[in-house]
1. Among the residues of region A:8-27, write down those that are within 23 Å of the chain's Cα centre (by Cα) and open to solvent by 40 Å² or more (accessible area, probe 1.4 Å).
2. Are there any pairs, at least 6 apart or on different chains, whose C-beta atoms fall under 6 Å, with the first in region A:98-120 and within 20 Å of residue A:323 (Cα to Cα) and the second modelled with pLDDT under 95, and if so, which?
3. Find the residue count for region A:149-164, including only residues that are buried (at least 19 other Cβ atoms within 10 Å of the Cβ) and over 20 Å from residue B:153 (Cβ atoms).
4. Has region B:308-317 got any residue that is buried (at least 21 other Cβ atoms within 10 Å of the Cβ) and at pLDDT 95 or above?
5. How many residues are open to solvent by less than 20 Å² (accessible area, probe 1.4 Å) and either in the same structural domain as residue A:234 (by TED's automatic domain parsing) or under 27 Å from residue A:200 (Cβ atoms) (or both) when one looks only at region A:266-292?
6. Where the second residue is open to solvent by 50 Å² or more (accessible area, probe 1.4 Å) and the first is free of Cβ contacts under 8 Å to residues at least 24 places away in the same chain and lies in region B:179-204, which pairs have Cβ atoms under 8 Å and are six or more apart or on separate chains?
7. Would you confirm whether or not region B:110-132 contains a residue that is under 28 Å from residue B:206 (Cα atoms) and not in a loop (DSSP other than H, G, I, E, B)?
8. Tell me yes or no: at least one residue of region A:141-153 is over 19 Å from the mean Cα position of the chain (by Cα) and without any contact (Cβ under 8 Å) to a residue 24 or more places away in the chain.
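The values are calculated or read from the model by the stated rules, or taken from the named source; none is laboratory data. As the structure is a computational prediction, the values presented were derived from the model and not from experiment. Glycine gets a Cβ as well: all are built from the backbone with ideal geometry, and neighbour counts include every protein chain shown. Accessible surface is based on the protein model in full, side chains and every heavy atom, while ligands, DNA and RNA are left aside. Shrake-Rupley method; radii C 1.70, N 1.55, O 1.52, S 1.80 Å.
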Number of protein chains: 2
Amino acid sequence: MKALVYTGVEELEFRDVADPTPADDHHLIRIDSVGICGSDMHAYLGHDERRPAPLILGHEGAGKIVGGPRDGERVTINPLVSDPTSAASLSGRENLCPSRQIISMPPREGAFAQYVPMLGRNLVTVPDHVSFDQAALAEPMAVSWHSARLGMAALHEADPRKALVIGGGAIGLAAALALKAMGCEEVIVAEPNAARRSYLELHCDMETVAAAAEPAPLVVDAVGYAATRKLASALATPGGVIVHIGLGEDDGGLDIRRMTLQEITFIGTYTYTAQDFRDTCAAMFDGRLGALDWTETRPLSEGAAAFADIRAGRVPAPKIILKP
Amino acid sequence: MKALVYTGVEELEFRDVADPTPADDHHLIRIDSVGICGSDMHAYLGHDERRPAPLILGHEGAGKIVGGPRDGERVTINPLVSDPTSAASLSGRENLCPSRQIISMPPREGAFAQYVPMLGRNLVTVPDHVSFDQAALAEPMAVSWHSARLGMAALHEADPRKALVIGGGAIGLAAALALKAMGCEEVIVAEPNAARRSYLELHCDMETVAAAAEPAPLVVDAVGYAATRKLASALATPGGVIVHIGLGEDDGGLDIRRMTLQEITFIGTYTYTAQDFRDTCAAMFDGRLGALDWTETRPLSEGAAAFADIRAGRVPAPKIILKP
């Protein structure tokens, strides 16, 4: 099959690779749409030791099952594989399972390819009125849904349902959409890139600012750098909550003195539970998360150029979908 | 009256000062017992810009009301004065009131003195079977009670009720006692000082370790230094909770990468709500927080020596109570 292979720092090759041979309990999915994630970019820049070259990246895939009893079924892939018998999974927190795996990280190759094998329980059926490009958004939407759910649950009952989202990429936009779907009345997205900001305003009906300045009881850091954590811990109101997605930089930024004196809660969040993934799909499929049309589509064969364009800040849309 | 006055870095003078003149809505309390807190030590070392010399420190006081309609009533003092009409106070979070004041911080002098004025609503009546030395522990116990309450509430329902408390001073011990009172089944206190550790084991029936190594779903950082936060974020189990009390150092220590990948929650905590203070007193008075006999008593006139002894690590008991 053809695949986009990460071969070294800032190097991607579209080339022939061996077809995957799914294990007995796996289905084979022919990928129709697969999104580029910030963590793919992170790996591409050589910043993720968990993803050594050569490797097929990509974990936001949707397509059709090929062969077997579910042949022809349209599905979107939950790429997080956990051990259903672990204590974490049994408590409904598959994302904390110590043996968790994710496609695009060894030993599992990713979805920037024509085919990916996956367990049946990780496949969510996609109704006909939802396109594969939309269905491929399930994974990043689930990341943000999970984070929004934890943040809303931690918010004090007396605080206004008001959120600041730092970062207007797919995760930030998805967090804003999830928060609105969960009843958050006011959501502002802070995004420095003017073209992206304009896209979010005009195309996604989002309220945006170039630089966050107004405090909010719930702050979503959808960037994960020291500078964004500094901003988050300065702008969370007393008794407020920061939810932190992403691994831009490992350390620094939090104003722990203020977080202590003003009782700010910081919640690290990673991926989603299996239930979050299903709930996100349900919300996407019934329209609660909007039109899901904020993607730009390119052939997988031009994946390398897409990475370069994202890195250079030349892509107004929050998400590029590659088509194998 | 006589008072112990902080006059400059590492300087305390026991001397005559003007008697306080309570405002119409205040009672005058003749202090019988007043504890030395870590934050008094912090100020004494010149590390707290909120407490400039000259100042009477001390905010853990108990004694008798002198004069007025409640003359002779035995009380313990909630030293945190907030505006009852603020949004924070109306939501039951007086500790987050933007105009909060605390005795021992300007404009309010502290309780290392013969008398302190205080609003009636901040005074909790002490029953006769509780000594003033015990009653003076209400304030630090309330700090820890509040923190334990927030930590237990944030703990995932599937996680074992098991806690690591970093620091075996009064706040750490009180947190351990509060956690046990709240149903935490296993509590281990990490404390490097061998004399203190022995005191906690033999006198307070606490399980202690010199250096924490065993992970726990709930970690109380009752020290608040970069090194203790580093330990806390290394030892909280996936999905676990860190509650952070104290302001030893403002920055550093948290392993944000791990907290994100393993979904660790960090909760900054400061003082207590008015309800927490009352709940703590009720738990103390009915015996749920143990014998409350882990104090050493000294005359207020020898306060300077007590500070020096604590600083030198020469005090096995977690709390020194001064007697004006």
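1. A:9, A:10, A:11
2. Within 6 Å, the pairs are A:117/A:22.
3. The qualifying residues number 3.
4. No, every residue in region B:308-317 fails to be buried (at least 21 other Cβ atoms within 10 Å of the Cβ) and at pLDDT 95 or above.
5. Residues flagged as open to solvent by less than 20 Å² (accessible area, probe 1.4 Å) and either in the same structural domain as residue A:234 (by TED's automatic domain parsing) or under 27 Å from residue A:200 (Cβ atoms) (or both) within region A:266-292 amount to 14.
6. Once the first residue is free of Cβ contacts under 8 Å to residues at least 24 places away in the same chain and sits in region B:179-204, its partners that are open to solvent by 50 Å² or more (accessible area, probe 1.4 Å) give B:192/B:210; B:192/B:211; B:194/B:210; B:201/B:207.
7. Scanning region B:110-132 turns up at least one residue that is under 28 Å from residue B:206 (Cα atoms) and not in a loop (DSSP other than H, G, I, E, B).
8. Yes, some residue in region A:141-153 is over 19 Å from the mean Cα position of the chain (by Cα) and without any contact (Cβ under 8 Å) to a residue 24 or more places away in the chain.
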